[in-house]
Amino acid sequence: MAEFSQEEKDNIEFQFNEILRNSPKCRKDEETLALVRKAFDLANEAHYGVRRKSGEPYILHPIAVAKIASEEIGLGATSIICALLHDVVEDTDTTLEDINDMFGPKVAQIVDGLTKIRGVLKNKEGQAENFRKIIFTLSEDIRVIMIKLADRLHNMRTLDSMNPEKQKRIAEETQTLFVPLAERLGFNKIKRDLEDLCLKYLEPEAYYDILHKLRGSEKKRVHYLNRFMIPIMMILEQNNINYNVSSRSKSIASIYAKMKRKNLTFENIYDVFAVRIILKDVAHEDEKALCWRVYYYITDIYTPNPERLRDWISTPKDNGYESLQTTVMGPDGTWVEVQIRTERMDEIAELGYAAHWRYKNVEGQEQSQFEVWLKKVRASLESPDENALKFLDEFKMNLYSSDIFAFTPKGEMRRFPIGATALDFAYDIHS
Ligand code: MN
C-alpha cells in the first residue's frame, strides 16, 4: 500500500478541518462534531493509500464533496457525514452494516442510495431507464440526490486528469442525466456549474471562445452596469429599502444556447447584461408588494420591454422558483435583464426548494407546496403503465418549454406542460 507523505497527511487534515470551520451546523454540539470526525476517520482509513487519477490521495475527493454539500448546497451535518462516506461501501472493505452500526439507519440509508446510484450508472440499460432509477431514490431521501450532484460536480471540476474519451463520456452522462435533474429539482446553481463544465468538454471551442469574450468584455460590462445601477440605487436608498445587488453575467452555456437558438453572435446577445436586486429583511407577507414597488421604481427610470415581463412570484415555477423579471432599456439603448426577488426567493432560486424547505424548517404553506411537488414527481414515477423512455421525453419536454396555465370555471389556476390538451384539463378537474 502506497504511503502518503507527511505533507499529504497534513493537507488531508487541513482540508477536513476547513469543513468544520465553515459549517456551523457541524459545531452545534459535541455529539455532532464527534460523529463528523468519526466519519472522516473511517473514510480516511478506508481509502488510505489509494490515489485518484490525478495522483492526489483519494480521501480528498469525499472531503471536497462534503465541502460542496455544505458550503455550496447548504446541507447539514448528516449530509456531510454521508458525503464523507459516500464511496466507502463501493470502494473499500467497509460494509453497509458497519455504517449502520456506527452512524445509525439514516446515514446507512443515504449511503446505500448513493452506492445504488453508482451501480445504476455502470449498467448499460440506457439512459432513460437509469434516469428513472435515479429518480426513484427521491422517494427515499432527497439528500441522496443532492449529495450525488455534489459528487458529480467535483468529478466534473477535476475531469482534466482523465483521458479525453472518458472526459467525453462523463460529460455526456452529466449533460443528459444530471443537468436536467438539477434543473427539475430547482438546484439552479449546481445546474449552471454542471452545464458550463459539460460544454467545456463537449464543445471546447465554443466554451473557450465565449469564456475569452466574457473576460475581455468584463471591465466594460462592470462599468456599464455601475452606470445602470446608480440611479436605481439612489431611489432604493431614498426609500429606505435594504438590498444587495449582484450582477454576474449569464452562464457560458446559456449564452451559447441562445446564440445557437437565435443564430446570433456573442456581440448580439442583448441580455448578457443582467442584474439581480435582492431585497433584504422583508416580512413574508410584504414580499410581493415590495418586489412590485421596486419594479415600479426601476421602470420609472428605464423603459421595460413588455414582452419580457415574467411574474414568477404570483405563479411560482413547479420547482419553487420565485422571481420578478423584466428587461429594460438602459443607457445607450442596451437591454438589461433585471431580476427582483427577496433573500428567501433567492435562496430557493439558487439552492432549490428542497434545500430551503427541508433544512430551514420553513413552516406553513410552503411546506405543503413542497409536498405537492414531491408527490407529483413520485406519482409520475410510480404509475406502472408508463415506460421509462416516455417518461424521459416528458421530463425533457417539461424542462425545455414553459408550462401552460389554465383556469377552472371557479377561477382556480391549474398548470400543465406544453402539449397538454383540453382533455388533460378535464381530467385534472374531475377525478
Ligand atoms: Mn465519489
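Data table
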read-out	value
Candidate set from region 211-241 (those that are among the polar types (S, T, N, Q) and open to solvent by less than 70 Å² (accessible area, probe 1.4 Å)); member that is farthest from residue 291 (Cα to Cα)	217
Residue 186, sole failed condition from (1) in a helix (DSSP H, G or I); (2) closer than 27 Å to residue 62 by Cβ	(1)
Scan of region 148-173 for residues that are away from the ligand (no atom under 12 Å from the Cβ), part of a helix (DSSP H, G or I), out of contact with any Phe, Trp or Tyr (no Cβ under 9 Å at 6 or more places or on another chain) and not charged (D, E, K, R), ordered by number	161
Any pair with Cβ under 6 angstrom, 6 or more apart, that starts in region 50-70 at a residue that is among the aliphatic types (A, V, I, L, M) and ends at one that is open to solvent by 20 Å² or more (accessible area, probe 1.4 Å) and more than 13 Å from the ligand (Cβ to nearest atom)	59/44; 63/15
Number of the condition not met by residue 152 [criteria: (1) surrounded by 20 or more Cβ atoms within 10 Å (Cβ to Cβ); (2) modelled with pLDDT of 95 or more; (3) not assigned by TED's automatic domain parsing to the domain that holds residue 21]	(3)
Some residue of region 243-250 being surrounded by 18 or more Cβ atoms within 10 Å (Cβ to Cβ) and closer than 30 Å to residue 144 by Cα	yes
Members of region 251-272 found to be open to solvent by less than 60 Å² (accessible area, probe 1.4 Å) and charged (D, E, K, R), listed by number	258, 271
Within region 13-126, helices (runs of 4 or more DSSP H) holding 1 or more residues that are open to solvent by 40 Å² or more (accessible area, probe 1.4 Å) and either hydrophobic (A, V, I, L, M, F, W, C) or away from the ligand (no atom under 16 Å from the Cβ) (or both)	30-46, 77-85, 96-103, 105-122
Any hit, region 325-343, residues being open to solvent by 40 Å² or more (accessible area, probe 1.4 Å) and farther than 16 Å from residue 229 by Cα	yes
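The values are calculated or read from the model by the stated rules, or taken from the named source; none is laboratory data. All values derive from a computational prediction rather than experimental measurement. Glycine also receives a Cβ, built like all others from the backbone with ideal geometry; neighbour counts cover every protein chain displayed. For the accessible areas, the whole protein counts, side chains as well, though only heavy atoms, and no ligand, DNA or RNA atoms are used. Shrake-Rupley method; radii C 1.70, N 1.55, O 1.52, S 1.80 Å.
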